[in-house]
1. So, in the stretch 9-41, exactly how many residues are assigned to a loop (DSSP other than H, G, I, E, B) and among the aliphatic types (A, V, I, L, M)?
2. Take the residues of the stretch 61-83 that are farther than 20 Å from Ile171 by Cβ and outside any helix (DSSP H, G or I): which is most open to solvent (accessible area, probe 1.4 Å)?
3. Among the residues of the stretch 107-128, count how many are surrounded by fewer than 19 Cβ atoms within 10 Å (Cβ to Cβ) and within 16 Å of ligand 1 (Cβ to nearest atom).
4. State whether the residues of the stretch 14-25 include one that is out of contact with any strand residue (DSSP E or B) (no Cβ under 6 Å at 6 or more places or on another chain), open to solvent by less than 30 Å² (accessible area, probe 1.4 Å) and either more than 24 Å from Ala184 (Cα to Cα) or β-branched (Val, Ile, Thr) (or both).
5. Of all residues being free of Cβ contacts under 8 Å to residues at least 60 places away in the same chain, within 10 Å of ligand 2 (Cβ to nearest atom) and in a helix (DSSP H, G or I) in the stretch 105-129, which is nearest to Val312 (Cα to Cα)? Just the residue, please.
6. List pairs: first residue in the stretch 291-316 and farther than 24 Å from Ser124 by Cα and in a strand (DSSP E or B), second residue open to solvent by 20 Å² or more (accessible area, probe 1.4 Å) and at pLDDT 95 or above anywhere in the structure, Cβ distance under 6 angstrom, at least six positions apart or on different chains.
7. List the number of the failed condition for Arg252; all other conditions in (1) open to solvent by less than 30 Å² (accessible area, probe 1.4 Å); (2) of a type in the set (D, E, K, R); (3) more than 10 Å from ligand 2 (Cβ to nearest atom) hold.
8. Specify which of the listed residues (Ala295, Ala319, Ala314, Ala323) is under 22 Å from the mean Cα position of the chain (by Cα) and more than 26 Å from Val86 (Cβ to Cβ).
Amino acid sequence: MRILITGGAGYIGSHTLVEVLKAGHAAHVVDNLDNASPVALARVKQLANRDFGFTRADIRDAGAMAALVAETRPEAVIHFAGLKAVGESVADPLGYFDNNVGGSLALLRALRAADCRRFVFSSSATVYGDPDYLPIDESHPRRTTNPYGRSKLQIEGILEDLAASDPSWSIALLRYFNPVGAHASGRIGEDPTGVPNNLMPFIAQVAVGRRPALNVFGTDYPTPDGTGVRDYIHVSDLARAHLAAVDWTAGRAGEGETGVGETGVGETGRGCAAFNLGTGQGTSVLEMARAFGAASGREIAVNLAPRRPGDVAACYADAGRAAVELGWRAELGLAEMCASTWHWQSQNPGGYPDEGAEGAA
Ligand code: NAD
Ligand code: UD1
């Protein structure tokens with residue numbers, strides 16, 4: 001299948017690109033490289049030992065999207081491109097809505113004009129807000145607390161309305177829980193700019209000596225050890241889920257019937273359906289620090305700190321629908337998540353090198 005991957009140079013996009021190429025699909029990446037390195041694309045090419053197309057463009061550029069879609073004639077699209085930092089979205093809501101919602105609209109218009117109606121969207125567990133119950137299933141009420149989350153919720157709504165307006169669309173909303181880890185080779189991984197906001201990259205930088213200690217945000221949550229609990233999922237498992245979702249949009253995945261989602265219309269691979277992507281296992285901050293210490297052989301120093309505003313106590317998935325409908329389930333555990341992150345971080349302590357040092361795609 002010809003698959004267009006927006007944001008394919010980023011963290012999750014690059015890992016998915018490897019799997020897409022390994023599965024034999026023809027891939028084309030569009031990315032403005034605002035939050036990614038061309039070195040990631042060069043390394044994917046080496047890892048998959050296959051070539052793919054790349055266009056450096058902004059998905060908000062309607063003319064560029066129309067030309068790209070006309071030229072590459074995708075049969076399906078995996079849409080990762082977006083901004084994802086919660087704090088930044090609070091400081092610059094217009095920038096976030098413009099990029100995430102505006103970019104998605106420009107892309108969707110180009111796809112509709114070219115009759116490409118199979119679409120896989122990177123959504124987030126952030127659309128569930130502070131959960132009413134655990135584990136969270138897909139019919140849990142949706143609400144968010146920040147502009148980033150609202151941009152995801154708005155795009156989900158747009159996609160649901162689009163599918164309701166025209167049954168030839170086939171749209172999977174993939175709600176990721178907490179993606180972590182790196183490709184087993186250690187050649188690609190998460191490379192945040194500045195101080196990492198997320199737990200796993202912060203711990204990895206403590207282990208490699210870039211930061212003195214992990215601040216544990218909150219020790220008085222109603223959880224077994226008082227620290228926040230999340231559903232961490234290995235990025236390579238997540239990458240495989242995208243292949244399963246592409247198959248689902250083509251009416252080929254899983255065993256069950258879909259359409260039980262908000263606007264699904266009752267036939268596998270038709271309409272719009274949401275899928276939680278997680279392991280279903282909750283892990284606390286302190287458990288993660290210990291697991292990373294064991295995987296890396298480095299002590300992870302911790303400072304017990306106050307709660308981070310906006311955080312929830314615990315969040316983990318009921319990923320049963322993805323198992324039944326997509327035929328996918330997570331296979332890799334905490335030990336693999338930590339070991340692969342350490343492999344990537346210790347081989348690339350400063351993240352990706354400059355393009356000149358290694359060559360680009
Ligand atoms: P990332 O920043 O590494 O990747 C996003 C990519 O999109 C980057 O390469 C960036 O350069 C590109 N991009 C951004 N805006 C663009 C635009 N207007 N035009 C073209 N390219 C653009 O992030 P990621 O962690 O790989 O996340 C991918 C997607 O998954 C995002 O939509 C994110 O919101 C979503 N998501 C991520 C997480 C997570 O924890 N990483 C969790 C839930 C959902
Ligand atoms: C964060 C985002 C969420 C996004 C998700 C993607 C916020 C408020 N939420 O969620 O929108 O979808 O990332 O993965 O930013 N922690 C520490 N010390 C740190 C960093 C984190 O103790 O230095 C704790 C947090 O308090 C939390 C857990 O680790 O309990 C996980 O944090 P993080 O990786 O930031 O993910 P989320 O909070 O789930």
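1. 4
2. Only one residue tops the list, namely Asp61.
3. 1
4. yes
5. Among residues in the stretch 105-129 that are free of Cβ contacts under 8 Å to residues at least 60 places away in the same chain, within 10 Å of ligand 2 (Cβ to nearest atom) and in a helix (DSSP H, G or I), the one nearest to Val312 (Cα to Cα) is Thr126.
6. Short answer, once both residue conditions are applied: Asn303/Asn215; Leu304/Thr219; Ala305/Asn215; Ala305/Phe217.
7. Every condition holds for Arg252 apart from (1).
8. Details: Ala295 fails: under 22 Å from the mean Cα position of the chain (by Cα); Ala319 fails: more than 26 Å from Val86 (Cβ to Cβ); Ala314 fails: more than 26 Å from Val86 (Cβ to Cβ).
Result: Ala323 is the single residue among Ala295, Ala319, Ala314, Ala323 that is under 22 Å from the mean Cα position of the chain (by Cα) and more than 26 Å from Val86 (Cβ to Cβ).
The values are calculated or read from the model by the stated rules, or taken from the named source; none is laboratory data. These numbers were taken from a predicted model, which means no experiment stands behind them. With ideal geometry, Cβ positions are generated from the backbone for all residues, glycine too; neighbour counts draw on all protein chains shown. Remember, those area values only see protein heavy atoms, side chains included, never the ligands or the DNA or RNA. Shrake-Rupley method; radii C 1.70, N 1.55, O 1.52, S 1.80 Å.
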